[in-house]
1. Can you tell me which residues in the range 61-93 are over 16 Å from the mean Cα position of the chain (by Cα) and either outside any loop (DSSP other than H, G, I, E, B) or under 19 Å from residue 31 (Cα atoms) (or both)?
2. Under 6 Å between Cβ atoms, at least 6 apart or on separate chains: pull out the pairs that start in the range 119-134 with a residue that is within 17 Å of residue 178 (Cβ to Cβ) and end on any residue that is surrounded by fewer than 16 Cβ atoms within 10 Å (Cβ to Cβ).
3. Which residues, taken from the range 97-118, are at pLDDT below 90 and crowded, with 18+ Cβ neighbours inside 10 Å?
4. For the range 26-46, check the following and say yes or no: at least one residue is at pLDDT 90 or above, surrounded by 11 or more Cβ atoms within 10 Å (Cβ to Cβ) and touching a helix residue (DSSP H, G or I) at 6+ places or on another chain (Cβ under 7 Å).
5. Of all the residues that make up the range 47-60, how many are at pLDDT 95 or above and part of a loop (DSSP other than H, G, I, E, B)?
């Protein structure tokens, strides 16, 4: 007996027999970074990108770029940061770069993009009243600073940081800058104590 092959019925029969595939937002959040227009760019041997008359510093994935020569890449711009991709069609994500100093707080598009480590550390320190200098923070992150370590360093020294608020008769922005500079010094002291593995005592490997 010959039966008519109807694609819609065949598909319905098949789907009724198999378990549906369920994706959580956490499973695909990284793929959201692939959905923007890409343009050609170059990462310098100093791990910087010049785009739109502004300088960006590689904040994630610095190990993917040469210290001796520039690297051709594709980039996608999202608010005040760049996603960096391999220099080929459908290239993989290599890292992210942050603008040296945003002139104003960026208005982020509705796309929900996961923050990188530097952005997470920045947010935490700003919540404590610090004024952040991005390039310096990126350097500390490249030397091993993590969000966990930043919180530990802050909590260990927060009484001294808060004294800046009480003792310095300066505008709040200058006090915030002084607090951040003190935080950087504490990071350097911690790095010297752990010298072989920066910040390792804070549980990060």
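The values are calculated or read from the model by the stated rules, or taken from the named source; none is laboratory data. Only a predicted model underlies this, so the values are computations on that prediction, with no experimental measurement involved. Note: ideal-geometry Cβ built from the backbone for every residue, glycine included; neighbour counts use all protein chains shown.
1. 71, 72, 73, 74, 86, 87, 88, 89, 90, 91, 92, listed by residue number.
2. 131/173
3. Once the filter is applied, which keeps residues that are at pLDDT below 90 and crowded, with 18+ Cβ neighbours inside 10 Å, the range 97-118 yields only 113.
4. no
5. Here the count works out to 1.
Each row is one residue, and each column tells you yes or no for (1) assigned to a helix (DSSP H, G or I); (2) surrounded by 12 or more Cβ atoms within 10 Å (Cβ to Cβ); (3) more than 16 Å from the chain's Cα centre (by Cα); (4) outside the structural domain of residue 177 (by TED's automatic domain parsing).
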position	(1), (2), (3), (4)
95	no, yes, no, yes
123	yes, yes, no, no
131	no, yes, yes, no
159	yes, no, yes, no
